[in-house]
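Reading through the C-alpha cells given below for one structure.
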Amino acid sequence: MITTGPLGTLTQEASISTETTVSEVAVQLEGITKRFPGVVANRDISLTVQKGHIHAIVGENGAGKSTLMKILYGMQRPDEGEIRVNGSPVTFHTPGDAISAGIGMVHQHFMLADNLTVLENVILGSEPRKGGLALDFAAARKKIKDLSEAYGLGIDPDVLVEDIGVGTRQRVEILKVLYRGARILILDEPTAVLVPHEVDELFENLHGLVREGITIIFISHHLDEVLKVADAITVIRRGTTVAEVSPEGVTARQLAELMVGSELPSPETRESTVTDVVALQVTGLTIGGEGERKVLDDVTLTIHKGEVLGIAGVEGNGQAELVEAVMGIRPSTGTITLAGEEITSWTTLRRREAGIGYIPEDRHRHGLLLEAPLWENRILGHMKEKVNVRGWWINRKGARADTERIVRDYDVRTPGIDVDAAALSGGNQQKLIVGREMSGEPKLLIAAHPTRGVDVGAQAAIWDHLRTARAAGLAVLLISADLDELIGLSDWLKVIHRGAIVAEFDPATVTPEQLGSAMTGAGEEA
Amino acid sequence: MTSSFTDRLLGRVKLSGWVSLAAPVLAIVFAGVVTSIVLALTGNPVFDTLTTMVDYGSQPRSLVLILNNATTYYLSALAVALGFRMNLFNIGVDGQYRLAALVAAAVGGAVTLPAPFHPILIILVSMLVGAAWAGIAGVLKATRGVSEVISTIMLNTIATGLGAYLLAQWAVPVAGSNNIGTPPIAESARIDGFAFVPGSSLKVFGLIFLAVAVGIGFHLLLNKTRFGFDLRATGRSEQAAVASGVNVKRMVVYAMLISGGMAGLIGMPQLLGASYSYSLDFQPGLGFTGIAIALLGRNNPVGIAFGALLWAFLDVSANILGLHKISPEIVTIMQGVIVLSVVIAYELAHRYRGVAEQKRVSRELAGAASTPQKEGASA
Ligand SMILES: Nc1ncnc2c1ncn2[C@@H]1O[C@H](COP(=O)(O)OP(=O)(O)OP(=O)(O)O)[C@@H](O)[C@H]1O
Ligand SMILES: [Mg+2]
C-alpha cells in the first residue's frame with residue numbers, strides 16, 4: 001500500500017500504512033479517466049484493492065465514486081485507463097462481462113420487485129433451467145439456502161420481498177450478487193438507508209464474506225463506520241485519488257478534511273428557538289380501517305414555529321405513511337391543522353401553496369423529473385410560486401434565475417442548469433431538492449432523510465440552512481435514519497414503531513442506545 | 001436510471017441536434033429501400049415507379065390535395081399527441097372525430113346564423129361532442145381505473161353504431177347519388193378555400209390556418225403554461241407529479257377532454273370547406289393515421305407537420321399507381337415500414353447520441369489538455 005496524491009502535506013499524517021503486505025491483488029485500476037459533458041468525473045484514477053479486504057471509497061458528492069464503480073462493473077466505459085482483475089487485464093462492455101469476471105454490484109437504490117418472493121427476485125435474469133426449459137426452482141432454492149448459510153445471511157427464499165425490512169432487502173441484494181458467482185462485491189452506499197443496528201448486522205455479514213475470501217469495495221459517507229470496518233480507504237476528490245490511508249492512521253475529521261481539501265467548519269453551538277405558536281397540529285392520524293393492520297395508528301403530534309420534531313424509527317414503521325398523510329398524498333383519518341387552519345381536506349397542491357415544503361425520502365421517484373433539466377425541476381412542486389409562474393404561464397426566466405441561485409447557495413455541482421437531473425450525482429440531486437424545498441420561505445418543512453447520500457461537508461451546510469430557517473420560525477418534521485442527525489437537529493424526539501408513537505425523548509439527554517432500543521419496540525409491552 | 005422505451009418512443013425524452021433530423025431521414029431512406037425490394041420482388045420497375053410517384057405528387061393539383069389531406073392528418077395527430085405526452089393512449093380519436101363531425105353537421109344544417117357565428121357554432125359543437133366522447137374514457141379512467149386504451153377502442157365501436165343510427169334519423173338523400181347525408185349546411189357557414197397553388201384551380205382548405213393555429217397553440221400550451229408543465233410532468237413520472245401536488249386524476253380528464261376537443265376539429269376542414277354535409281362516405285380511419293403520424297413526428301408540432309405532409313404525399317401519389325397496373329397497397333407497405341423504421345431509428349439515435357456525445361466531449365477535453373483542465377464537477 002502506497003500513499004499517493006498531489007497534496008503531500010495533507011496526506012503525510014494520514015499515511016501511516018507503509019507495511020508491505022505481499023497479499024494478492026484482486027482489483028487494480030490504472031489511470032482511469034472518464035469525461036461527461038462539462039465534467040471530468042474521473043481523472044487518472046488509480047486504485048488497488050487487496051483480495052479479502054474491505055476497501056472503502058470516500059469522497060465528496062460528485063467526486064466520481066459511483067462513476068468509478070460503474071466503470072469497474074461494466075456499466076460505463078472509461079475513456080482511458082486499464083482494469084486488471086486478479087492480475088489479468090480485462091475490458092468490460094456490459095455488466096454481464098463483469099459478472100463473468102466475478103464482479104457484482106449492489107446499487108444504492110434497491111432494485112427488487114416487491115410482489116415477487118426472495119427466490120424469484122434472486123433468480124430473475126439468471127433462471128436455472130431443467131432440461132433446458134422448465135425453471136428449476138428446487139435447485140435455486142437449495143443454492144440460496146446454502147449461500148445464506150455459508151455466509152450467515154439468514155435469508156428465507158420463500159417470503160415476499162414486500163414483507164421484509166430494508167436490512168433484509170440489503171442482504172437479498174447481496175445474495176443476488178453472490179448467487180451469480182461474484183467474488184468481488186461493490187456496494188454503493190449500502191448503509192444510507194439503514195438504522196444503526198442494521199448497519200452492525202450488515203458489517204457482521206460483510207466480515208463473514210471476507211473470511212470466505214470475498215473482496216468488498218464499498219462507498220459510504222458515514223466516516224465513522226468506514227473507520228470501523230474498512231481495511232483500507234481510498235479518498236477521491238474532484239475526480240482523482242488524493243490519498244490511500246489505513247483506518248488505524250486517521251480520524252474521521254482528518255478523513256473529512258482529506259475529502260474536502262480544506263478544514264471542516266466546526267459545528268455551531270445552538271440555542272433553542274422554539275416558540276409557543278403552533279405550526280402543525282396532527283391529531284389521531286390513522287391509516288388502515290377496522291380489522292386491517294394499521295400502518296399508522298392514532299398519531300398525534302404538535303410542532304411549534306421554530307421547532308424541529310424528530311421522528312425516530314426503523315424504516316417501514318409508518319414514517320413514509322405519516323409524511324404522505326400530512327402532505328395529502330395518502331388518504332387518512334384524523335385532523336391536521338397548519339398554523340391554526342384545518343387543512344385535512346386540502347389537496348397536496350393547496351398544502352404546498354400554504355407553505356409546506358417537502359423533501360421526499362425517495363428522490364428519484366418522488367422528488368425529481370430525471371429526464372428534465374434542472375430548471376424545470378425547480379418548478380416541480382412549486383407550480384404556483386411567483387418565481388416560477390406568472391398566472392397561467394411558466395416564468396422561464398424567473399425559474400432559471402432561481403435555479404442558478406439554488407445551485408450557488410447549496411453548492412450543487414453541475415455543469416449548468418440545462419443538464420438533466422439524471423446527470424447529477426446522487427448527493428447533488430439531493431442538494432438541489434433541499435434548496436428547492438427551502439425556497440419561498442416555507443412555514444413547515446417535511447424532511448424525510450434530508451441529507452441521505454450527501455457528503456459530510458454538504459451535510460453540515462444543509463444543517464446550517466435548516467438551523468437558520470428554524471431560527472426564522474420554520475417548523476420542521478424530521479425523519480431520519482441517522483441518529484446523530486436526529487439528536488443533533490431536533491428539539492424533541494418521538495419514536496414510531498408499527499405505526500404508533502411509542503416513546504418520546506429529549507434529545508439533550510437521550511443516548512443513541514436508548515433511542516435504538518426504543519425503535520426496535522423493546523419495552524413496548526412494559 | 002435511464003428513460004424507458006415508451007418515454008423514448010413517445011418523445012418525452014428529448015433528442016437534440018442533428019441526430020433528431022438524421023433519424024427520420026435515415027428511416028425514410030430505409031423505408032424507400034424496403035419498398036424498392038418489394039417492388040422488385042413483385043416484378044415492377046423500381047426506379048420508374050418511384051419517379052412516377054414523385055412526378056405525379058408534385059403536380060399542382062396533387063399539391064393541393066396533399067395540403068388538404070395533411071391539414072386533416074395534422075389535426076388528428078395533434079389530438080393523439082396531446083394524450084401521448086401525458087402517457088395517455090387515446091386510441092379513440094377516430095370515433096370522437098366521426099361522431100363530432102356528424103352531430104356538428106346536423107346542427108349546422110338545421111340552423112342558419114349570420115356568417116361569422118354559424119361556422120363558429122358548428123366548430124364549437126364538434127369540439128364539444130369530441131370532448132364529451134373522449135371525456136367518457138377520461139372519467140372512467142379517473143374514477144374506475146379503466147384503461148383508456150380499452151375504453152376508447154370500445155367507444156370507437158359504439159360511435160360507429162351510434163353514428164349510423166343518428167345518420168339514419170337525420171339524413172336526407174344526397175343529391176345525385178344513392179348515398180345519404182345530413183342536410184347541407186347553408187352558405188353562411190361555408191369557409192371558402194383559395195386557389196393558392198398556381199396551375200390548379202382546386203382550392204386549399206381555408207381551415208388550413210386553423211390547423212396551423214392549433215399547432216402553435218399546442219406548442220404554447222405544452223411548453224409555456226403551467227397546465228402543460230403539469231401534463232408533461234405527469235407523463236414523465238406520475239409519482240413525482242403526485243408528490244408535487246398535481247391532481248393526476250383531474251389531469252387525465254382534462255387531457256382527454258382537450259384531446260377529444262381537438263379530435264372534433266379533424267372533420268371541420270372537409271365539412272365546412274368541401275362536402276357541407278356529413279355522409280356515409282366521410283373518411284374513416286383518420287384517428288389511426290393520426291397515431292402513426294404522431295409517432296413519426298415524436299409528438300412535436302413541427303415534427304408532426306412534416307409527418308402529415310409526407311403521409312399525405314404518399315397517399316396522393318398512390319393514386320397514380322393504379323394507372324400503371326401497380327397495386328397502390330405498395331404505399332401502405334411503405335407507410336408501415338416508415339413508422340417502424342422511424343421508431344427503430346430513434347431508438348438507435350438515442351443510444352448513439354449518448355456514446356457520440358461522450359466521445360466528442362472527451363476529444364475536446366483531451367485536446368485542451370495543455371490548458372488547465374476543469375476539475376471534478378466544478379461548473
Ligand atoms: N450520465 C452522466 N452524464 C453526465 N454527467 C454525469 C453522469 N453521471 C455522472 N455524471 C457527473 O460525474 C460526476 C461524478 O458523479 P458520480 O455519480 O460518480 O459522483 P459520486 O462520487 O458518486 O457522488 P455522490 O456521493 O453524490 O453519489 C458528477 O459531476 C456528475 O454530475
Ligand atoms: Mg454516487
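The values are calculated or read from the model by the stated rules, or taken from the named source; none is laboratory data. Values in this document were obtained by computation on a predicted structure and should not be read as measured data. Here Cβ is always computed from backbone atoms with ideal geometry, including for glycine, and neighbour counts include all displayed protein chains. Side chains are part of the model used for accessible areas, which takes the heavy atoms of the whole protein and leaves out ligands, DNA and RNA. Shrake-Rupley method; radii C 1.70, N 1.55, O 1.52, S 1.80 Å.
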> Of B:LEU221, B:PRO198, B:ASN179, which is farthest on the positive side of the dipole of region B:170-270, counting Cα position, with +1 on Lys and Arg Cβ, -1 on Asp and Glu Cβ, and the Cα centre as origin?
Replying inline: B:LEU221
> Using the Cα atoms as the points, what is the convex hull volume per residue of region B:80-300 in Å³?
Replying inline: 135 Å³
>> Treating only the Cβ of Lys, Arg, Asp and Glu as charged (+1, +1, -1, -1), what charge dipole size does region A:417-526 show about its Cα centre? Round to the nearest 20 debye.
In response: 260 debye
> Over region B:272-357, what is the relative contact order in whole percent, taking alpha-carbon pairs under 8 Å and six or more residues apart?
Replying inline: 21 percent
> When all protein chains stay in place, what accessible area (Å², nearest 10, 1.4 Å probe) is found for B:LYS249?
Replying inline: 130 Å²
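For region A:335-367, which trypsin sites (Lys or Arg not before Pro) are in a loop by DSSP, counting at most 13 other Cβ atoms within 10 Å? Numbers along the way, then the final one.
Details: sites: A:ARG350, A:ARG351, A:ARG352, A:ARG363, A:ARG365; in loops: none.
Hits after loop and neighbour filter: nothing returned.
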>> Are there any residues in region B:206-227 with a reduction of at least 50 Å² in accessible surface when going from the isolated chain to the assembly of protein chains? Probe 1.4 Å, please list them by number.
In response: B:LYS224, B:ARG226
> With a 1.4 Å probe, how much accessible area is buried between chains A and B, both sides summed, in Å² to the nearest hundred?
Replying inline: 3500 Å²
> If you rank B:VAL46, B:VAL54 by how much accessible surface each has, with a 1.4 Å probe, what is the order from largest down?
Replying inline: B:VAL54, B:VAL46
> Taking the Cα centre of each part, how many Å lie between region A:340-398 and region B:98-117?
Replying inline: 43 Å
>> Give me the dipole magnitude in Debye, nearest 20, for region B:178-262 about the Cα centre, with unit charges on the beta carbon: positive for Lys and Arg, negative for Asp and Glu.
In response: 300 debye
> Could you give the dipole magnitude of the protein assembly as shown about its Cα centre, charging the beta-carbon of Lys and Arg +1 and that of Asp and Glu -1, in debye to the nearest 20?
Replying inline: 3580 debye
> Considering every residue in B:244-257, what mean count of other chain Cβ atoms within 10 Å of its Cβ is obtained?
Replying inline: 3
> By how many degrees, between 0 and 90 and to the nearest 10, does the Cα long axis of helix B:248-265 differ from the longest principal axis of chain B?
Replying inline: 50 degrees
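Around B:ALA195, under 13 Å between beta carbons, what's the net of Lys plus Arg minus Asp minus Glu among the other residues?
Taking every Cβ under 13 Å from that of B:ALA195, the sum is +1.
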> Of B:LEU26, B:TYR56, A:LEU72, which is farthest on the positive side of the dipole of the protein assembly as shown, counting Cα position, with +1 on Lys and Arg Cβ, -1 on Asp and Glu Cβ, and the Cα centre as origin?
Replying inline: B:TYR56
> log10 I(q)/I(0), Debye, Cα-only region A:362-440, no solvent, q = 0.21 Å⁻¹?
Replying inline: -0.86
> What is the helix-to-structure angle for B:93-110, meaning the angle in degrees between its Cα long axis and the longest Cα principal axis of chain B, kept from 0 to 90 and rounded to the nearest 10?
Replying inline: 30 degrees
> Based on DSSP, what percent of beta bridges with both residues in chain A are antiparallel, to the nearest 5?
Replying inline: 55 percent
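Using only the alpha carbons of chain A, what is the convex hull's orientation-averaged projected area in square nanometres? Before the final figure, lay out the partial values.
Values: hull surface 106.6 nm².
Spelled out: convex hull of the Cα atoms, projected over all directions, averaged, 26.6 nm².
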> At a 1.4 Å probe, which residues in region A:353-381 are at least 50 Å² less accessible with all protein chains present than in their chain isolated?
Replying inline: A:ARG365, A:HIS366, A:LEU369, A:GLU371, A:GLU376
>> Compute the angle between helix B:60-85 and the longest alpha-carbon principal axis of chain B, please, reported from 0 to 90 degrees and rounded to the nearest 10.
In response: 60 degrees
>> What whole-number distance in Å separates the alpha-carbon centres of region B:131-159 and region A:451-526?
In response: 48 Å
> Along region A:28-36, what does the Karplus equation 6.51 cos²θ - 1.76 cosθ + 1.60 (θ = phi - 60°) give for ³J(HN,Hα), rounded to whole Hz, x for Gly and Pro?
Replying inline: 9, 10, 10, x, 6, 10, 9, 10, 10
> With point charges of +1 on the Cβ of Lys and Arg and -1 on the Cβ of Asp and Glu, referenced to the Cα centre of region A:202-245, which listed residue (A:SER220, A:ALA243, A:GLY208) lies farthest in the positive direction of the dipole?
Replying inline: A:ALA243
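Under 14 Å from the Cβ of B:PHE205, count the other residues' Cβ atoms, weight Lys and Arg +1, Asp and Glu -1, and hand me the total. List each step's numbers first, then the result.
Details: positive: B:ARG190, B:LYS203; negative: B:ASP192.
Once all neighbours under 14 Å are counted, the net charge is +1.
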> Amide H neighbours of A:ILE186 under 5 Å, counting only residues 5+ apart in sequence or on other chains, H built in-plane at 1.01 Å?
Replying inline: A:GLY104, A:MET105, A:VAL106, A:ILE217
> In deg cm²/dmol and to the nearest 500, what is the mean residue ellipticity at 222 nm of the protein assembly as shown if only DSSP H runs of at least 4 residues count, each as -39500 (n - 2.57), divided by the residue total?
Replying inline: -15000 deg cm²/dmol
> Where in region B:157-219 are there chymotrypsin sites (Phe, Trp or Tyr not before Pro) that are in a DSSP coil and have at most 16 other Cβ atoms within 10 angstrom of their Cβ?
Replying inline: B:PHE196
> What does the charge count near B:ARG61 come to, summing +1 for each Lys or Arg and -1 for each Asp or Glu among other residues with Cβ under 15 Å from its Cβ?
Replying inline: -1
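Could you work out the equivalent-ellipsoid semi-axes for the protein assembly as shown, taking the square root of 5 times each eigenvalue of the Cα gyration tensor, largest first, in whole Å? Mind dumping the intermediate values first?
Values: eigenvalues 648, 242, 133 Å².
Values for the protein assembly as shown, descending: 57, 35, 26 Å.
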